[in-house]
Amino acid sequence: MYVSPWLQAALNPGAWDVCGVICTPMTVWHEYILRTSGNAYVCGGLPDRDSAAQLLIYCGRDYDGGRLLYRDNRLCSSIARKMYRRLRRMDWTTTDDAVSEYVAASLRTPGHKERQQSAKGETSRKVAAPLSWVLVEMLCRGNPAAIVDAWNTPFAVAACLLDAGRDIRGESDTLISETDEERIDRKLEEREAK
């Protein structure tokens, strides 16, 4: 069964056990530090135990923990030795598969859709995000700490808030077209008639 990147992101677990290291889904910090350091799992190339160890060392820590590794060389060396011992006891294929799966799931993002031509000949940008993600983003207003509350907001309330905000800003189009509204209203009328 195909799972879209949007659904996968919404269902991403809070923690992964990757080769015995508890990792959060990769954060912006993790992607940045691994890309900056040229990690083969993030930048491409042939991964080895060094790139697996580096990834697990960083992804097993948050931003503050990663910064601490830079400031404390003894701590960094101690953690690296422990990680190399752990990975040496594991089969390389098992390690590589686990780290690759973690990276693929954590960094999987949707592509953007191209402009669409309507029947009237008008060209418009198709919304790349599903409506639910647009609503969550609007409700969070850039605050990732509010994402759980946003997901738990009643859909009708969130859609009305979105349309009201667009109306206040003078944007004439809504994400739900009048045709869609009419179709939904007809279905509701048909159900009431039964």
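Is the stretch 47-61 home to any residue that is loosely packed, with under 14 Cβ neighbours inside 10 Å and among the basic types (Lys, Arg)?
No: zero hits.
Of the residues GLY38, GLY45, which single one is in contact with a Gly (Cβ under 9 Å, 6 or more places away or on another chain), modelled with pLDDT of 90 or more and over 18 Å from TYR102 (Cβ atoms)? Break it down into steps so the answer makes sense when it comes.
Values: GLY45 fails: over 18 Å from TYR102 (Cβ atoms).
Unique residue meeting the criteria: GLY38.
Against the condition assigned by TED's automatic domain parsing to the domain that holds LEU161, among the hydroxyl-bearing types (Ser, Thr, Tyr) and either out of contact with any Pro (no Cβ under 8 Å at 6 or more places or on another chain) or at pLDDT below 90 (or both), how does SER132 come out, does it pass?
Values: assigned by TED's automatic domain parsing to the domain that holds LEU161: yes; among the hydroxyl-bearing types (Ser, Thr, Tyr): yes; either out of contact with any Pro (no Cβ under 8 Å at 6 or more places or on another chain) or at pLDDT below 90 (or both): yes.
Taking the combined requirement at face value, the residue satisfies it.
Does TYR41 satisfy the criteria of being surrounded by 13 or more Cβ atoms within 10 Å (Cβ to Cβ), among the aromatic types (Phe, Trp, Tyr), outside the structural domain of ALA145 (by TED's automatic domain parsing) and free of Cβ contacts under 8 Å to residues at least 12 places away in the same chain? Steps first, please.
Values: surrounded by 13 or more Cβ atoms within 10 Å (Cβ to Cβ): yes; among the aromatic types (Phe, Trp, Tyr): yes; outside the structural domain of ALA145 (by TED's automatic domain parsing): yes; free of Cβ contacts under 8 Å to residues at least 12 places away in the same chain: no.
Taking the combined requirement at face value, the residue does not satisfy it.
Would you be able to tell me the number of residues in the stretch 126-156 that are surrounded by 14 or more Cβ atoms within 10 Å (Cβ to Cβ) and assigned to a loop (DSSP other than H, G, I, E, B)?
Residues meeting the conditions: 3.
The values are calculated or read from the model by the stated rules, or taken from the named source; none is laboratory data. Keep in mind that this is a model prediction, so the values were computed, not measured. Don't worry about glycine lacking a Cβ; one is built from the backbone with ideal geometry, like all the others, and counts go over all protein chains shown.
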